[in-house]
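Encoded as structure tokens, the structure appears first; notes follow it.
The values are calculated or read from the model by the stated rules, or taken from the named source; none is laboratory data. As the structure is a computational prediction, the values presented were derived from the model and not from experiment. Ideal geometry is used to build each Cβ from the backbone, glycine not excepted, and the neighbour counts take in all protein chains shown.
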Amino acid sequence: MLIGKWVVILEPNLKFSMKLTNHQYQIQGLSILDICEQYTAPLYLYDGNKMVEQIDLLRSAYQDLPLKIKFAAKALTNISVLKLFQKQGIGLDVVSLQEVHLGLLAGFLPQDIQFTPSGVSFAEIQAVVDMGVMINLDSLPALEKFGEVYGSSVPVSLRINPHVMAGGNAKISVGHIDSKFGISIAQLPQILAVVKDKQLTIKGLHVHTGSDIFAGEVFMQVANVMFKAAKHFKNLQFIDFGGGFKVAYKKGDKTTDMHALAKNMHSAYAQFCEDYGKKVDIYIEPGKFLVSEAGYFLVKTNVVKQTPNATFVGVDSGLNHLIRPMFYDAYHDMFNASNPEGDLQTYNIVGYICETDTFGNQRQLNEVREGDIICIKNAGAYGFMMSSNYNSRFRPAEVLVYNGKSHLIRQHETMDDILRNQILVDVTEADLVKV
Ligand SMILES: Cc1ncc(COP(=O)(O)O)c(C=O)c1O
């Protein structure tokens, strides 16, 4: 859409913060080609202001509810991003002892962090308890052991599996009856028996049904399961409804209507409080909702290759940097940042890894030339976090833009990173080595 002489806002319904101004794509007023020049592609680029905007949106939607937002840290644990969130006064949901450490290093207080592990060792649970962090236990054996060790001395929360099938892909649908996650809602009697026997103090209930769920009805169906279960626990201080809110990955995508959901939640919550006899806090754990659209993955074109059937754009990246398209069949929109006015052509955008790692097939991009920077959208959530050193490649750098300034928040890796922790032993000579 043309606004004024040179300004085009990309797909305004998607609300991406990247803009084309004076023939240059910009983020918070900074040219992304300049950023690439300064920090070198491949590069994850995050718009911190967009992340804050998403928090504000949630707060305004849920303003009539006692809401606590716990960012699902696994989506993006760069410590500078965590710091930005800590400064906004939200909390964290974490899934490993290491994420607890990162949260504390970023300045979160233990009471602002929730630990939602799946099948971890009891030693890990104990280590997190020692740090003063609330745990969402996700199995009956863990609950029993917790009761034996702590009895009523350490309050705890329970992750419930609501038996609801929902999510954008089977791998990220985690609240159904066949899923490994949570304690089945059908096992409520066993839960209550253990709680009574071990005199456990249950302070919270937790649920997370899946990712990429747009339908408000699904969230309400799950909320009703939770409100019903909650009546069996007398000391609740919170119910945690997890994350999974859907954002747009491409034009026309359905997204979760947060205002409508909050409105429905409000009436169900009011009824629950009346029945329960007191108020509890409402927690949500958005991951993608806070960081997906704020992130861009910038890669450089190594080769444009014509075959009888297709034109391939080979970039200096692959499934080692962004695995979502290959792992979840996720659609990531993209554009040619270097040639915004080139003729539109159809390309297959592929990586350099020694297996098929396609970022996008049959995509319309402005003419791509060697050296052009391709910008892949929605890369903020589960992008860098799922990257690896496959093919012994370096992982990319990360840059955070906030209030018009760019900051390097993770440097490119080097051979030192590839070799760290490796020990060179020539096993054919090992017996001969004199100590
Ligand atoms: C327990 C828990 N909470 C929250 C989330 C965040 O989900 P999303 O990024 O879809 O909001 C996840 C994601 O897997 C999760 O496992």
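Quick notes
- For residue 106, the criteria (1) within 16 Å of the ligand (Cβ to nearest atom); (2) among the small types (Gly, Ala, Ser); (3) farther than 22 Å from residue 123 by Cβ hold in every case but one, which is (1).
- Strands (runs of 3 or more DSSP E) fully within segment 301-363 counting 3 or more residues that are touching an Asp or Glu at 6+ places or on another chain (Cβ under 9 Å) and in the same structural domain as residue 42 (by TED's automatic domain parsing): 344-350
- Evaluation of residue 289 against (1) away from the ligand (no atom under 16 Å from the Cβ); (2) part of a helix (DSSP H, G or I) (one fails), failing number: (1)
- Pairs linking a residue in segment 235-246 that is on the phi > 0 side of the Ramachandran plot to a residue that is in a loop (DSSP other than H, G, I, E, B) and surrounded by fewer than 24 Cβ atoms within 10 Å (Cβ to Cβ), with Cβ atoms under 8 Å and 6 or more positions apart or on different chains, are 244/166; 244/167; 244/212.
- Boolean, residue 279 is touching a residue at least 40 places away in the same chain (Cβ under 8 Å), more than 15 Å from the ligand (Cβ to nearest atom), at negative phi and in a strand (DSSP E or B): no
- Whichever residue in segment 84-141 is among the charged types (D, E, K, R) and without any contact (Cβ under 8 Å) to a residue 60 or more places away in the chain and, among such residues, is nearest to residue 294 (Cα to Cα): 87
- Residue, surrounded by the fewest Cβ atoms within 10 Å (Cβ to Cβ), within segment 87-111, restricted to residues that are in contact with a helix residue (DSSP H, G or I) (Cβ under 8 Å, 6 or more places away or on another chain) and part of a helix (DSSP H, G or I): 105
- Which listed residue, of 293, 341, 274, is out of contact with any Pro (no Cβ under 6 Å at 6 or more places or on another chain) and buried (at least 18 other Cβ atoms within 10 Å of the Cβ): 293
- Considering residues of segment 122-172 that are polar (S, T, N, Q) and in contact with a Ser or Thr (Cβ under 7 Å, 6 or more places away or on another chain) only, the residue nearest to residue 328 (Cα to Cα): 161
- In segment 228-252, the residues that are in a loop (DSSP other than H, G, I, E, B) and within 25 Å of residue 170 (Cα to Cα): 241, 242, 243, 244, 246, 247, 248, 249, 250, 251, 252
- Test: residue in segment 182-197 that is touching a residue at least 60 places away in the same chain (Cβ under 8 Å), under 25 Å from the mean Cα position of the chain (by Cα) and within 16 Å of the ligand (Cβ to nearest atom): no
- Among the residues listed as 367, 413, 398, the single one being over 26 Å from residue 294 (Cβ atoms) and in the same structural domain as residue 301 (by TED's automatic domain parsing): 367
- Verdict on residue 412 being of a type outside the set (Val, Ile, Thr), under 18 Å from residue 83 (Cα atoms) and at pLDDT 95 or above: no
- Residue ID - farthest from the chain's Cα centre (by Cα), chosen from residues in segment 199-229 that are of a type in the set (Ser, Thr, Tyr) and either within 13 Å of the ligand (Cβ to nearest atom) or crowded, with 24+ Cβ neighbours inside 10 Å (or both): 209
- Checked across segment 148-157, the condition of being more than 21 Å from the chain's Cα centre (by Cα), at pLDDT 95 or above and within 13 Å of the ligand (Cβ to nearest atom) holds for at least one residue.
- Selection status of residue 303, among the hydrophobic types (A, V, I, L, M, F, W, C), surrounded by 23 or more Cβ atoms within 10 Å (Cβ to Cβ) and at pLDDT 95 or above: no
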